[in-house]
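Chemist: Below is the structure I would like to discuss, written out as structure tokens.
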Amino acid sequence: MVLDFKCCVYQTSKNQNPKPKKMTEEIEFILDSTKESMAGSIAHLEKAFLNIRAGKASPAMLGSVFVDYYGSATPLSQVSKISVPDARTITLQPFEKNMLHPIEKAIMIANLGFNPMNNGDLIIISVPPLTEDRRRELAKQAKSESEDAKVGIRNARKDANTDIKKLEKEGTSEDICKSAEEEVQNLTNSFIKKIDELLVQKDAEIMKV
């Protein structure tokens, strides 16, 4: 009987192994929200980089231009055909001729450094070559935009960790919270790396003669 009892005790202790860690719904929500916020910082950076003119003429240079189309702010590409006949020229053919002036005005308001010419049928933009000094200025601007994006990433990390700590105080296990904080840091590292990669690409584009 004693031997049987010991056997039972042994079997019971074997079955008391810790269960696999499982994130709570609240933790999963925090991680999803954090990832979404960090992705938003990347999207904002990519949009900012589009506004930093570099290299040859490209329709992307006008990606931030919105035109007043009968009272509605509308992307330029939806009211005009954008063409690049050569490396230094962009032409715009409005789908409606009466949009020539609004398009011209929108380009000026966008403050992209272009002087659009309206010949009555088309709007023509000459893209001047960049000087060495101007390239350096644009590189500094790109660096500043990337640092702002990193601040956004770190703020998202801070908010996530604050929310995780709050859940821990409310009873979520320490192990689960620690794993969640590690995942937040992994997300942070991944998005910071992405920002650095985007900056390297933009620098190469700016400095390419």
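The values are calculated or read from the model by the stated rules, or taken from the named source; none is laboratory data. None of the values given here were measured: they were computed from a predicted structure. Note that each Cβ is placed from the backbone with ideal geometry, even for glycine, and that neighbours are counted across all protein chains shown. Keep in mind that these areas ignore ligands, DNA and RNA; they rest on the heavy atoms of the full protein, side chains included. Shrake-Rupley method; radii C 1.70, N 1.55, O 1.52, S 1.80 Å.
Chemist: Rounded to the nearest 10 degrees, what's the angle between the helix 132-169 long axis and the longest principal axis of the chain, both from Cα atoms, 0 to 90?
Modeler: 30 degrees
Chemist: In whole percent, and with a 1.4 Å probe on the protein chains, what portion of the accessible area of the chain is carbon and sulfur?
Modeler: Ligands and nucleic acids excluded, carbon and sulfur reach 53 percent.
Chemist: Okay, next question. So what are the radius of gyration and Dmax for the Cα set of the chain, in Å?
Modeler: For the chain, the Cα radius of gyration and maximum Cα-Cα distance read 27.5, 105 Å.
Chemist: With just the Cα atoms of the range 71-140, tell me how far they stretch along each of the three principal axes, in Å, largest first.
Modeler: 39, 26, 17
Chemist: Between rounded, prolate and oblate, where does the range 14-127 land on the alpha carbon gyration tensor, with a ≥ b ≥ c its root eigenvalues, rounded for a/c under 1.5, else prolate if a/b exceeds b/c?
Modeler: prolate
Chemist: Taking the highest mean first, how do the peptides 135-141, 118-124 order by number of other beta carbon atoms within 10 angstrom per residue?
Modeler: 135-141, 118-124
Chemist: Mind checking the per residue accessible area of the range 151-191 for me, 1.4 Å probe, whole number of Å²?
Modeler: On a per-residue basis, 62 Å².
Chemist: Given the rule -39500 (n - 2.57) for each run of at least 4 DSSP H residues, summed and divided by the residues of the chain, what is its mean residue ellipticity at 222 nm, to the nearest 500 deg cm²/dmol?
Modeler: Theoretical 222 nm ellipticity from helices: -20500 deg cm²/dmol.
Chemist: Report the gain in length on full extension from Phe95 to Asn119: 0.36 nm times residue separation, minus Cα-Cα distance, nm rounded to one decimal.
Modeler: 7.1 nm
Chemist: May I pose another question? Bin all alpha-carbon pair distances of the range 95-197 at 10 Å intervals from 0 and give each bin's fraction as a whole percent.
Modeler: 12, 23, 18, 18, 14, 11, 3
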